[in-house]
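Nothing in this text is a laboratory measurement; each read-out follows from the coordinates by a stated rule. Source: prediction; values computed, not measured. Quick reminder, even Gly has a Cβ in these numbers, built from the backbone with ideal geometry, and neighbours come from all protein chains shown.
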Amino acid sequence: MRKFLVVLDDTRECLNAMRFAALRAAHTGGGVTILSIISPEDVQHFVGVADLMRQEARERIEAHFEVFAKWMRDRQGISPELVIREGEPVGEILSLIRDDPEIGVLVLGAGTDKSGPGPLVTQMSRSSGNLPIPITIVPGDISKERLESIT
């Protein structure tokens, strides 16, 4: 089964990327893998404190994931898979793509502010010529109705 890989983070544009991936998976008989990455900067403390911070980050990610997962299950009939990794985003995305041969499309949401589409979209776009899968970049300000009509 072909899976759509989406990155779960705290950005607003993440929502449209999730919607797009779920809708495309539902229409094509695919699946969705949601990747959330814990940044090394978020847990750089003494060992005991770092472990506690890592656990808190995981709990926050799982709660955030469950909101999207419930919507995907209830509305689209898709049961997404959650993968949590720790490291630098681009490296972890590329690693997961190599590790899971069923991932067929990377879906990213583009930011809408004046600074550009966001660091992840910028970095992954630079690497797109060497990726083994295509990238779909979903505009951050596209309406829900328009998104549904094009998927």
Requested in this report: Could you figure out which of (1) in contact (Cβ under 8 Å) with a residue 24 or more places away in the chain; (2) over 25 Å from residue 150 (Cβ atoms); (3) touching a His at 6+ places or on another chain (Cβ under 7 Å); (4) not hydroxyl-bearing (Ser, Thr, Tyr) isn't true of residue 53?
Outcome: (1)
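Let's see how each residue does on (1) aromatic (Phe, Trp, Tyr); (2) assigned to a loop (DSSP other than H, G, I, E, B); (3) surrounded by fewer than 16 Cβ atoms within 10 Å (Cβ to Cβ):
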| residue | (1), (2), (3) |
| --- | --- |
| 109 | no, no, no |
| 114 | no, yes, yes |
| 129 | no, no, yes |
| 141 | no, yes, yes |
Query raised in the report: Is it the case that some residue within segment 77-98 is out of contact with any strand residue (DSSP E or B) (no Cβ under 7 Å at 6 or more places or on another chain), part of a helix (DSSP H, G or I), small (Gly, Ala, Ser) and more than 22 Å from residue 134 (Cα to Cα)?
Result: no
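If we keep just the residues of segment 18-36 that are of a type in the set (Gly, Ala, Ser) and not in a helix (DSSP H, G or I), which is farthest from residue 108 (Cα to Cα)?
Residue satisfying both the conditions and the ranking: 29.
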Query raised in the report: So residue 148 clears everything in (1) in contact with a Leu (Cβ under 7 Å, 6 or more places away or on another chain); (2) part of a strand (DSSP E or B) except one condition, right? Which one?
Result: (2)
